[in-house]
Every structure is written in C-alpha cells, then in structure tokens.
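Colleague: What follows is a structure written as structure tokens; I'll ask about it next.
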Amino acid sequence: MALIVQKYGGTSVGTTDRIKNVARRVAKHKAQGHDIVVVLSAMSGETNRLIGLAKEMQVNPDPRELDVIVSTGEQVTIGLLVMALKDIGIDAISYTGAQVKILTDSAHTKARIQHIDDANMRADLSAGKVVVVAGFQGVDPDGNITTLGRGGSDTTGVALAAALKADECQIYTDVDGVYTTDPRVVPEAKKLTTITFEEMLEMASLGSKVLQIRSVEFAGKYNVKLRVLSSFQEEGEGTLITFEEDSTVEKPVISGIAFNRDEARVNVIGVPDKPGIAYQILGPVADANIDVDMIIQNVGQDGTTDFSFTVPKGELARTIKVLEGVQSHIGGQSVSGDDKICKVSIVGVGMRSHVGVASTMFRTLAEEGINIQMISTSEIKISVVLDEKYLELAVRVLHKAFGLDRTV
C-alpha cells in the first residue's frame, strides 16, 4: 500500500463526464489499497473566464480581490469530484487551500508556499477517505486567499506530496509523458521513460509546457518522486522524473529539445565600455520586475560597446520605455527591439561526458542556412536565439541530428 498524490489539470476535469472519469480512476487506485490525495485545477478555460470578468470591473484588477475570484474555479471542481466519488461508493472530502492551511506569503497572484498543515489530511486518510484538495491556492498569515500563479496546481500537488512524504506524485495531464520535443512540431518525437530532475528543470525553464518550473524545483528540493501521465489513457507508465542518471543504461547525449516563441530581443547600441555599464542597463529593467534571459555584451571598440538581451515578448515595449528613460544617463546611442525571434535549446546530462555537441548543433543549423543571433550555454544545455520563421525547421533538423527520433 502506498500514499499517492494525484494532480489533474484543467483539461482532465474540463467537463462533468471527465470529472466522473477521474473519479473512476481514483476509485481504481483506492481499490488497490492505496491512500489517495487528489489535487485539482479549475475546469479548462475557467480561470481565463474569471480573469475576464474581473477585468470588466477594473482594467488592472486589485490583486487581493482577483485571488478571491480566481480561486473559486478550483472550489467547483473539488466539490464536483467528491460528489462523483460518493456516487460510486467512495468516501471522500474536499478542502480548499485555506481549509488545509496551505500557508503562503502575501504576494497575491504569485504567492509562494511556506508551510502545510497536514494533520487533518492524515486523519482523513487514516479513516479511509480520499482527500481532494484545490490546487493553485493557499492562505497568507492574515487569512487572505492567495494564488500561486499560472500552473500553480502542479506546485500544490508536489508540495502536498512533500509534506505528506508520499510515495509518488503523479501529474495527470493531456499528454502521456515527457517527449523529446513537442510532437506537434516533430511527429517523430519519442516519449521518454525517464528524465533527470536537472534535465526537466531545464526543459521547463526553456519553454516545455508539460510541468510548471516551480513544481519541478520543489520536487527536486524535497526529493519527491514525480511521474507525468495521461488522464485520457487507462494504461501506461508515463515518464518518471528521477533524481539521478541510470548508470546501467547508456544515456543519449541529448534528452530533448525545448523551444520558446515568447522571446524578444532588446539592443542597446553604443554605450560606454566601462565598469558598471551592465548594471546601469539591467538595474532599471530588474526594478521594473521584468525578467531578463540571455545577455550578450560585445567587445568594446573606440570606447563603446553594444549590449543585447532577451525578455518576454509581452514586456518588450515596457522594457524599451524603461531604457529610453535612462538612455541619457547611460550614454547609449540608441535602443531598439525585435519581437520576431525565438529560442531553441538542446538539453541533456550526456553533454557532461561528450565533446562536440555544440559544433554538431551549429553545423546542423548552418547547413540549413539558419543564422544564430545569440548563444547561451550551461553544463547540460545550449540555447540559441534565431529568427522565429526558422523555429520549426531548426527543431526538426536538430531532433534528427542528435538521433532523438531513435530514442526509446
């Protein structure tokens, strides 16, 4: 008998029929003798609908009140699932984040979990009940409802698994595991049996939408055994996210290819080539709470240099406005932006023990006439910025070049 936390995403609970299907799946695991905690997202599209209602009242909705509104989506699904479970003879109870007491900080719409009170859940599990918890939400020290940001139900599931010391956290979604890349771009993409936390963390941070990055960080930090499965398939082992490489198997050099269309490049031309210039440029950007990804500073000539970095596409206009406000202070000749770019990344722990990975990537792109605008590397990944029109071609040729179409 095991203690299993199962998280079901919005598409998995998108209709009452699908919620009944989740109830049958939970009942099957319960019949095998397992203790089950279920974490649910809101029905697919519901959170966007609620945000839309809020924006009809305020262009920029008050964060505290927005959390009050959007947290109701998960309340609906947990209530419906408990009803469906009771209807087929399974004793169950629902909890909102506040009822569990998932204690968070007070950063509305992007709160972070600080502590979970597991006493009531353990008592219910001991009594033979299935515990159903609303994902994506918690409560701050003052009793205010908070939400954890987009994809926060994944984080709730992993955090509950950590608090309860669960044997496994199963993330049920509309895909049956983690693939070498997006099958919609490369039909030959293969499902991975296992992937390391390091690799999954890189894939999540680089644009793979299978798991929310904070949930992967949480799982790695607290050694939570994580598995990605499909809620629309009865059978299948999914993909297990492991803590270390399987030393008995020869791992491929590259495990997967991630890509991100949500990238824009900012160019600051002709700034003084002197100590502190990077801070003078990026400091105001950070103060505006804008995330910066890749950064390039060119070799200085004639006392000046050019500085480029990437930001989320939706933040390009605001970033340029921030820099234009300090342009006279930093002494740059011009500030420009380009939102017609993308980022393509290869990821694999095998890079540590293999040479020539970068040259293979660059040669493959060059043979297709694809120009690389920026490069960023780490121990287990290489990312390049390209013209967005080359995204799908680049992913396809790299997938083939590294033999990922043959990965089992």
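The values are calculated or read from the model by the stated rules, or taken from the named source; none is laboratory data. Note that this is a predicted model, so its numbers are computed, not measured. In this analysis, Cβ positions are derived from the backbone assuming ideal geometry, glycine residues included, and neighbour counts consider all displayed protein chains. Please note that ligands, DNA and RNA were not included when accessible areas were found on the heavy atoms of the full protein model with its side chains. Shrake-Rupley method; radii C 1.70, N 1.55, O 1.52, S 1.80 Å.
Colleague: Order R112, R150, most accessible first, counting only protein heavy atoms with a 1.4 angstrom probe.
Modeller: R150, R112
Colleague: Let me ask something additional. Using mean Cβ contacts within 10 Å as the protection proxy, how do 340-346, 181-187, 99-105 order, highest first?
Modeller: So the order, starting with the most tightly packed, is 340-346, 99-105, 181-187.
Colleague: Could you do me a favour and compute the accessible area per residue for region 1-73, 1.4 Å probe, result in Å²?
Modeller: 47
Colleague: Taking the Cα centre of region 288-391 as origin, work out the dipole magnitude from +1 charges on Lys and Arg Cβ and -1 charges on Asp and Glu Cβ, in debye rounded to 20.
Modeller: Using only the charged Cβ atoms, the result is roughly 240 debye.
Colleague: Right, another one. Kindly work out what percent of the DSSP beta bridges joining two residues of region 1-117 are antiparallel, to the nearest 5.
Modeller: In region 1-117, DSSP labels about 35 percent of beta bridges as antiparallel.
Colleague: Rounded to the nearest 5, what % of DSSP beta bridges with both residues in region 56-204 are antiparallel?
Modeller: Antiparallel bridges make up about 60 percent of those DSSP assigns within region 56-204.
Colleague: Need the list of lysines near K313 for cross-linking: C-alpha distance under 25 angstrom, and skip anything on the same chain fewer than eight residues off.
Modeller: Answer for K313, where 25 Å is the Cα cut-off: K55, K110, K209, K321, K340, K343, K381, K389, listed by chain and number.
Colleague: I've got another one for you. Just how large is the dipole of the chain about the Cα centre, in debye to the nearest 20, putting +1 at every Lys and Arg Cβ and -1 at every Asp and Glu Cβ?
Modeller: 640
Colleague: Suppose a student asked you for the relative contact order of the chain, using Cα pairs under 8 Å spaced at least 6 residues apart; what percent would you report?
Modeller: 14
Colleague: Among A258, G97, Q280, whose Cα projects farthest towards the positive end of the dipole of the chain, with charges put on the beta-carbon of Lys, Arg (+1) and Asp, Glu (-1)?
Modeller: G97
Colleague: Using the 2.2 N^0.38 Å rule of thumb for compact globular proteins, work out how region 258-366 stacks up: its C-alpha Rg over that value, please.
Modeller: Relative to the 2.2 N^0.38 Å estimate, region 258-366 comes out at 1.23.
Colleague: Hey, what's the per residue convex hull volume over the C-alpha atoms of region 302-408, in cubic angstrom?
Modeller: Cα convex hull per residue, to the nearest whole number: 152 Å³.
Colleague: What does the charge dipole of region 139-195 about its Cα centre add up to, to the nearest 20 debye, if the Cβ of each Lys and Arg holds +1 and the Cβ of each Asp and Glu holds -1?
Modeller: Computed charge dipole of region 139-195: roughly 180 debye.
Colleague: Here's something else I'd like to know. Taking the chain as a Gaussian network, where each spring joins two C-alpha atoms under 10 Å apart, which residue of A31, A163, A358 fluctuates the most?
Modeller: Comparing A31, A163, A358 in the GNM, the peak value goes to A31.
Colleague: In the chain, what percentage of the DSSP-assigned beta bridges are antiparallel, given to the nearest 5?
Modeller: Antiparallel bridges: around 60 percent, rounded to the nearest 5.
Colleague: Leaving ligands, DNA and RNA out of it, report the carbon-plus-sulfur percent of the accessible area of the chain at a 1.4 Å probe.
Modeller: Carbon-and-sulfur percentage of accessible area, whole number: 49.
Colleague: Mind telling me which of V39, V139, V299 comes out most flexible in a GNM of the chain, alpha-carbon contacts under 10 Å?
Modeller: Between V39, V139, V299, it is V299 that shows the largest mean-square fluctuation.
Colleague: Could you tell me the center-to-center distance, by alpha carbons, between region 105-171 and region 252-292 in angstrom?
Modeller: 34
Colleague: Using Cα atoms only, what is the angle between the long axis of helix 391-401 and the major principal axis of the chain, expressed in degrees (0 to 90) to the nearest 10?
Modeller: With rounding to tens, the tilt is 80 degrees.
Colleague: Another question about this same structure. Which order do T15, T305 take when ranked by solvent-accessible area (1.4 Å probe, heavy atoms of all protein chains), largest first?
Modeller: Solvent-accessible surface, decreasing: T15, T305.
Colleague: Running Debye on region 91-166 with equal point scatterers at the Cα sites and no solvent, what base-10 log of I(q)/I(0) appears at q = 0.23, 0.24 Å⁻¹?
Modeller: For the requested q values the scattering log ratios are -0.99, -1.06.
Colleague: If you don't mind, there's one more thing I want to ask. Enumerate the calculated ³J(HN,Hα) couplings along region 133-149 in order (Karplus 6.51 cos²θ - 1.76 cosθ + 1.60, θ = phi - 60°), each rounded to whole Hz, writing x wherever the residue is Gly or Pro.
Modeller: For region 133-149, the Karplus curve yields 10, 6, x, 6, 9, x, 9, 8, x, 8, x, 6, 5, 10, 10, 9, x Hz.
Colleague: Amide H of T146: which non-local residues (sequence gap of 5 or more, or other chain) have their own amide H closer than 5 Å, using H built in the peptide plane?
Modeller: When sequence neighbours closer than 5 places are left aside, the close amide H contacts are G138, V139, D140.
Colleague: Further question on the same structure: Is it possible to state the helix-based mean residue ellipticity at 222 nm for the chain, with each DSSP H run of 4+ residues giving -39500 (n - 2.57), the sum divided by total residues, to the nearest 500 deg cm²/dmol? What is it?
Modeller: Estimated from H runs of four or more residues: -10500 deg cm²/dmol.
Colleague: Over the Cα atoms of region 1-62, what radius of gyration and what Dmax do you get, in Å?
Modeller: In order Rg, Dmax, the Cα atoms of region 1-62 give 16.1, 51 Å.
Colleague: How high is the relative contact order of region 10-125, in percent, with contacts defined as C-alpha pairs under 8 Å that are six or more residues apart?
Modeller: 24
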